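Worksheet: the structure to be examined is printed underneath.
Readers should treat all values here as calculations from the given coordinates under stated rules, not as data from a laboratory. Everything numeric in this text was worked out from a predicted model, so none of it was measured. Heads up, the Cβs are rebuilt from the backbone with ideal geometry, glycines too, and the neighbour counts pull from every protein chain shown.
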Amino acid sequence: MTTREKILEAVLKNQPEATALPDTSMFKGTGNDLVQKYMDIFKTIGGPCFLADTIDSVKTLINEKFDLSKRIVTTLPELSDRFELISGTVDPHSYNDIEVAIIKAHFSVAENGAVWLTEEVMGQRIIPYICQHLAVIVYAESIVPTLHEAYEKIGTGDYGFGGFIGGPSKTADIEQALVLGAHGPLTMTVFIIN
Amino acid sequence: MSQTKTKDHAALAGAFIKDEERVNWHDGALWYIREKRDLAVKQIPEWEQLREAASMIKSNVISNLHQYLLQFEDNLKKNGIIVHWADSAEEHNEIVYAILKAKEINQMVKSKSMLTEECHLNEYLEERGIEVINSDLGEYIQQIDNEPPSHIVLPCIHKRKEEIGELFHEHLGTEKGLSDPTLLTRVARKHLRNIFLTRRAALTGVNFAVAETGEYVVCTNEGNADMGAHLSEVQIASMGLEKLIPQKKHLGVFLRLLARSATGQPITIYSSHYKKPRKGQEMHLILVDAGRTRQLGRKDFRDSLKCIKCGSCMNTCPVYRKSGGLSYHNTISGPIGAILAPNLDMKRHADLPFASTLCGSCSNVCPVKINIHDQLYKWRQVIVKEGYAANTKTLGMKTMAWTLSSPANFRKAGKAGRWFLQNIPFVVNNPFNPWYRQRDMPEGPKESFAEWFVKNEIKKQ
């Protein structure tokens, strides 16, 4: 008998009588003021959040907020005149020196401040984690109230890797003192396009 | 990190509470996290319904585990993930070793995984010439100090920053006396980034595994799991069988509960959904039993398998806060550890269900509504019946049973107690009486309530 068979047999023998799944369809948020709610929550997490009318105003904000002398990468073709486009085929280690990564999220969640990204919008899986500063563009109409609507949008999901990111990387492991920038980005900035 | 237990919870807690300043700090720091949890929870009007739903989903998982395991395995394979099954900690460690050996890898980076702590994976691999580095900051600190984590979410919460500064001075060459948390974190960031960049293999734990899609979710605040995984050519995930959830949409329920319960955050910074290997990467997942199917067969204790490892029962527990996680001499400490550990080794962990006041605070905060304090009470009965209770407890219980079994015995014992307290108090007020150690014994009353009642009330009638 293989270990697999042994474990499965023990599970079958010991599991109790089947109980039903609960109905979770009543869990949903409200759709009012989602942009404001999102911005309020994101600021409490420790990230700046800006409203912009167009991608051009985002460009202006990026010029103001980041050190343009360092390596800045993006997956957005609209920004490729200024910044390096991320290649999906090079060794991920080669992105160790990126200062800023500018990527577009599929949507964000008002209740917790997180943005939803899949590898398709990351360019490479490592990008939003290895950069020193992460900048994410979200369209206002894509913001959902809670994670329940988020998973409705995601569905079963046709991706190899996806993730919610809700702020700059952080730790409070030393005496509960909050430090932003543990292993991932030191800051995360969100630009909401109205 | 040794398996051999030398002292029980009471003795280890006794050592911890000697440093009063530290205990007070520890108590306050954990209670502060409990308060942050309360604030976060109050933002969600449907919190109680979410807990109920989560508990019911987990009941469904436990009662259909066989089917979900098969479905999960099938979907993992479709996604290109290599599946392994491990019956025991040893078998789990052998599998990890074989994966690394096949690729001639002798260095691995690991993100937080209580399961691999439970399996003593690091020691096993180190004995075979493979170096493992824990990348969660708290776990890294515990590793360089050669200590296990004292809390599942906050591994080094029992340490003061000066002690961490001293460890960094010794291991990372920081200036002596440096203890600023931000500066220490920056040093660790730099050191560990080099580890992430140079390790070909990365191992992570698993928070939730979705049977429906064959993907697994890993939650961190530091981003260490992702730094390791996305730079590795071999990615390994180790999970206990109980981490399964039926459907993707159920993540909405669990992710809303997890971080709010753990630290009062609305969500962990990173909730990463791993589904398929990167091009050129190899992905393995190890399904580990190690006592879980045995616990599944224990009717009174199987609900402990619902645990999502948020740590809220530890933060709220008056015994945990004042005795420290290491006093539980088990990877998972606190109330949840005390109901999981006796299943693994009843004799070795016989003291843990007694390390509780049974106040029930743990059950009240548990996001999946595990009846933790009921299970602690039930384990006590099992442990006494199996003959694993400490002698002093057995003797005390027998004396108590004799005293309470007849009114005459009760009167006699009361009289004797009062006489001793009044006439020769040193018989009870001495260090040989464990009850006296942290308490002052009262002055003996002249008479019992029954005697007083007979004298004053019955006479009046």
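In the frame of its principal axes, the protein assembly as shown has Cα extents of 100, 57, 54 Å, reported largest first.
Distance between the pseudo-spin-label points of residue A:152 and residue B:415 (7 Å out from Cα toward the beta carbon): 7.6 nm. Annotation: cysteines of chain B without a disulfide-compatible partner (Cβ-Cβ under 4.7 angstrom) are B:119, B:156, B:219, B:307, B:310, B:317, B:359, B:366. Bridge orientation summary for chain B: considering DSSP beta bridges with both residues in this region, about 25 percent are antiparallel. Straight-line reach from residue B:275: which aspartates and glutamates fall under 14 Å, measuring Cα to Cα and dropping same-chain residues less than 8 apart? Leaving aside aspartates and glutamates fewer than 8 places away in the same chain, those within reach of residue B:275 are A:119, A:120, A:158, B:73, B:74, B:212, B:215, B:226. Sites listed here are trypsin sites (Lys or Arg not before Pro) in segment B:88-189 whose DSSP assignment is loop and whose Cβ has at most 15 other Cβ atoms within 10 Å: B:103, B:128, B:176. Of B:378, B:446, the sequence from fewest to most neighbouring Cβ atoms within 10 angstrom is B:446, B:378. Compared with the alpha-carbon gap, the fully stretched path from residue B:107 to residue B:377 is longer by 92.8 nm at 0.36 nm per residue.
For segment A:1-133, the alpha carbon convex hull comes to 199 Å³ per residue, rounded to a whole number.
Every helix of 4 or more DSSP H residues in the protein assembly as shown counts as -39500 (n - 2.57), and over all residues that averages to -12500 deg cm²/dmol at 222 nm.
A crude spin-label estimate for the pair residue B:450 and residue A:99, with each label 7 Å from Cα along the Cβ direction, gives 8.5 nm. Annotation: the antiparallel percentage among DSSP beta bridges lying fully within the protein assembly as shown is about 30. The loop-placed GluC sites (Glu not before Pro) in segment B:144-238, going by DSSP, that have at most 15 neighbouring Cβ atoms within 10 Å of their Cβ come out as B:175, B:233.
What's the whole-number percent of alpha carbon pairs in segment B:142-292 lying beyond 25 angstrom? Tail of P(r) above 25 Å: 40 percent of Cα pairs. Taking the empirical scaling 2.2 N^0.38 Å for compact globular proteins as reference, segment B:265-419 has a Cα radius of gyration ratio of 1.39.
Here, P(r) means the percent of Cα pairs in each 10 Å bin from 0 to the largest distance; for chain B it is 4, 18, 28, 24, 13, 7, 4, 2, 0, 0. For segment B:37-115, the set of GluC sites (Glu not before Pro) satisfying both a DSSP loop assignment and a count of at most 11 other C-beta atoms within 10 Å is given as B:104.
Taking a 32 Å limit on the Cα-Cα distance, which of the listed pairs A:65/B:248; B:7/B:309; B:249/B:299; B:161/B:393 fall beyond it? Check vs 32 Å cut-off fails for A:65/B:248; B:161/B:393. Straight Cα distances below 19 angstrom link residue A:70 to the aspartates and glutamates A:81, A:84, A:97, A:99, with same-chain residues fewer than 8 positions distant left out.
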